[in-house]
Structures are given as structure tokens and as C-alpha cells.
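A.B. asks: Before we start, here is the structure in question, set down as C-alpha cells.
What follows is calculated from the coordinates using simple rules that are stated; it is not laboratory data. Values in this document were obtained by computation on a predicted structure and should not be read as measured data. Cβ sites come from the backbone with ideal geometry, for glycine too, and all protein chains shown count toward neighbours.
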Amino acid sequence: MKSAKLLLCLFLLPVFCLGQDVYEVKWGPSLRYKAALIVYELEETGVARVKWDDQMVEQTLKLEYSNDVMILYGSDPVYPGTESTYESYNADNFYITTDDNGVYSCLNIDDGLSISKCRLRKINGSKSEKNKFLKEFKLKVKN
């Protein structure tokens, strides 16, 4: 029985890893804001850490699709690794599309209704390559 469960876990592990995407996003004047997004597509959730100047905020993400647009709704901005609300930060919402050539377009509309075009790059590669990028944000991918 234990071996059957182990075999099932080993079989499903690649499926769960496929649903975990990492993105780098930059926006604002002089691309002042830089974020790492970890999206758990199967769970329709994620986490974002946004850096600017010497500050950083963490947000919970909710994933939805509308037509050909992937929407990541940010909520609950907190100081990273805590539950302490980051009072002065408006949560970010990212609207992402991909053209026929695989080129991303991204728009950030925060909860204060500030609108910015953003640059988005998907971090491809192994878990260690994703974690290398995420180190700057003090994050790691699951599994």
C-alpha cells in the first residue's frame, strides 16, 4: 500500500511542478517597481513580492482568466514574511496577454487605480534557476 502511494506521488509530482510559474515584472517611472510573481496555476493562487527603493511588500494573488487575459488580483499587502498590513500600499493587479509569437503584454492597475504598462518575463528553467532569481526577493518555489 505504501509503495502504491509513493508511486502515485512520484507520478503526480511533475504535474504539480508544471503548474508553478515564476515571473519577473517591472513597471512605473524608470521601471522603479520590480516584482517576483509565483503563480500556482492549478490552485489559482500565488504570491507577489514587490521591491522599490529600499522597500518590499508581499501580496496574495488570485488567478482568473477572462477571454485570452490572465488576471492576477493582488490583495492583503503585508510586510514580507509577516501578517502586518502594509497600510500605505495599494495592492497590484496584473493583466497579462500573450501574442501569437509568445511575447507578453502586461498592464498593472493597482487598487488606487494607478495604471502602468509593465514589462513581464517568465522565468523558465529548473527549480534551482527559478530560486536563483527569487533569492533577491527572499522567496523559493515549492517542491
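A.B. asks: What ranking do 54-65, 27-38 get when scored by the average of other Cβ atoms within 10 Å per residue, highest first?
C.D. replies: Descending mean neighbour count gives 27-38, 54-65.
A.B. asks: According to a simple spin-label model (label point 7 Å from Cα along Cα-to-Cβ), what is the distance in nm between Glu129 and Asn90?
C.D. replies: 3.6 nm
A.B. asks: Follow-up. Can you work out D for the chain in µm² s⁻¹ from Stokes-Einstein, where Rh is the Kirkwood radius over C-alpha pairs, the temperature is 37 °C and the viscosity is 0.692 mPa s?
C.D. replies: 204 µm²/s
A.B. asks: How long is the gain from Lys138 to Arg32 if the chain were fully straight, where each residue apart is worth 0.36 nm and the alpha carbon distance is subtracted?
C.D. replies: Taking 0.36 nm per residue and subtracting the Cα distance, the gain is 36.3 nm.
A.B. asks: Let me ask another. With N set to the number of residues, divide the alpha-carbon radius of gyration of region 104-143 by 2.2 N^0.38 Å and report two decimals.
C.D. replies: 1.52
A.B. asks: Could you pull out every residue, at least 5 positions away or on a different chain, whose amide H is within less than 5 Å of the one on Thr45? Hs are placed 1.01 Å off N in the peptide plane, and Pro or chain starts have none.
C.D. replies: Excluding prolines and chain starts, which carry no amide H, the hits are Tyr40, Leu63.
A.B. asks: Tell me the angle of helix 2-18 to the major Cα principal axis of the chain, expressed in degrees between 0 and 90 and rounded to the nearest ten.
C.D. replies: So the inclination is approximately 30 degrees.
A.B. asks: Can I ask one more? What ranking, highest mean first, results for peptides 95-102, 44-51 when packing means the other Cβ atoms within 10 Å averaged over each residue?
C.D. replies: The packing order, highest mean first, is 44-51, 95-102.
A.B. asks: A further question on this structure: Once amide H atoms are placed 1.01 Å from N in the peptide plane, what residues at a sequence separation of 5 or more from Gln20, or on another chain, have their amide H within under 5 Å of its amide H?
C.D. replies: For Gln20, whose amide H was placed from the backbone, the distant partners under 5 Å are Glu41.
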